[in-house]
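Working notes, structure below.
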Amino acid sequence: MTIEARGLTKRYGGKTAVDDLTFTVRPGTVTGFLGPNGAGKSTTMRLILGLDAPTSGTVTVAGRPYAAHRAPLTEVGALLEARSVHPGRSAYGHLLALAHTHGIGRSRVAEVIEAVGLTEVAHRRAGGFSLGMGQRLGIAAALLGDPATVILDEPVNGLDPEGVLWIRTLLKRLAAEGRTVFVSSHLMGEMALTAEHLIIVGRGRLLADTTVEEFVRSAGRDEVTLRSPQAGRLRELLAGPGVEISGGGPGELTVTGTGAPDIGLTAATHGVPLFELTPRRVSLEDAFMELTRESVEYHAQGVAA
């Protein structure tokens, strides 16, 4: 089941939170939804789930608006706010209440509680849950109806390393089963390990709709850091069309436009000793920061001590 947004726009008074967004999220892959704070990610997810009405444009899941699905929990599972649980209700009670709205049996409630690792605390009040436990409960609610589409907003927030690994494995498994998986996150390293496709927004507008591999590749060339007592000589030998060389510390150079094997071969051929030869690949974080540089709404400033 695909998620399709066409010309999606949402304005709140004079502020445009989502600005003419058009994209498609397809099944069988984990699609990461990225953007700086204030980029419109949460608003877009609310529009998909019918929690807000678009000012203009449309967004559908499996060809229909979310509200048009007769049993939405069995079509779309979502986690937007993990703390949207009555604090006096137990995890089991919360999920059972949701299950009753769709005719889902008690056995499924017990199944998702076990799947997210909350069996031992299933009958404790959710108000006493840690942030990570609350996230697990929210994910259990999203999976309750065994939906074909899963939408999660910052699912690893508050999870420990084991929990982060669990979420990563879960998302990949859901996608491998042919489900549509749409996940927002600020953790670029985690998205690089989890997502295959990216939709990136900034100030409400679409900035990129591409694979992780293509996005990183298009961001720029890899760098190589080297140290040598004859750095000046090596700079002369490496200089050429398309090669950029900058100085670092004493005897240190940063080179783009040629790879570590060629640098090492050039140094060996001319008898130039190398103390270090370290390639550094462009990361998803590097590519993201470069793309969204002009779309960041809140810039941190240095504070004097």
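The values are calculated or read from the model by the stated rules, or taken from the named source; none is laboratory data. Bear in mind that the values here come from a model prediction, so they are computed numbers and not experimental data. Neighbour counts are summed over all protein chains in view; Cβ atoms, including those assigned to glycine, are modelled from backbone coordinates with ideal geometry.
Overview of results
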item: Cross-chain or 6+ apart pairs with Cβ under 7 Å, segment 74-85 first and over 14 Å from residue 153 (Cα atoms), then at pLDDT below 90 and of a type in the set (Gly, Ala, Ser); result: none
item: Only one of 85, 76, 116, 112 that is within 27 Å of residue 3 (Cβ to Cβ), touching a Lys or Arg at 6+ places or on another chain (Cβ under 6 Å) and in the same structural domain as residue 148 (by TED's automatic domain parsing); result: 116
item: Restricting segment 174-189 to residues that are modelled with pLDDT under 95 and either surrounded by fewer than 19 Cβ atoms within 10 Å (Cβ to Cβ) or at positive phi (or both), the residue that is farthest from the chain's Cα centre (by Cα); result: 189
item: Within segment 209-231, considering residues that are in contact with an Asp or Glu (Cβ under 9 Å, 6 or more places away or on another chain) and farther than 16 Å from residue 263 by Cβ, the one modelled with the highest pLDDT; result: 211
item: Residues within segment 111-127 that are touching a residue at least 12 places away in the same chain (Cβ under 8 Å) and either over 19 Å from residue 78 (Cβ atoms) or touching a Gly at 6+ places or on another chain (Cβ under 6 Å) (or both), tallied; result: 7
item: Residues of segment 207-233 that turn out to be more than 25 Å from residue 292 (Cβ to Cβ), of a type outside the set (Gly, Ala, Ser) and in contact (Cβ under 8 Å) with a residue 40 or more places away in the chain, as a count; result: 6
item: Among the residues listed as 104, 48, 113, the single one being out of contact with any helix residue (DSSP H, G or I) (no Cβ under 7 Å at 6 or more places or on another chain) and β-branched (Val, Ile, Thr); result: 104
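Quick grid of which residues meet (1) in a helix (DSSP H, G or I); (2) within 29 Å of the chain's Cα centre (by Cα); (3) modelled with pLDDT of 90 or more:
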| site | (1), (2), (3) |
| --- | --- |
| 237 | yes, no, yes |
| 240 | no, no, yes |
| 254 | no, no, yes |
| 263 | yes, no, yes |
| 279 | no, yes, no |
| 282 | no, yes, no |
| 285 | yes, yes, no |
| 294 | yes, yes, no |
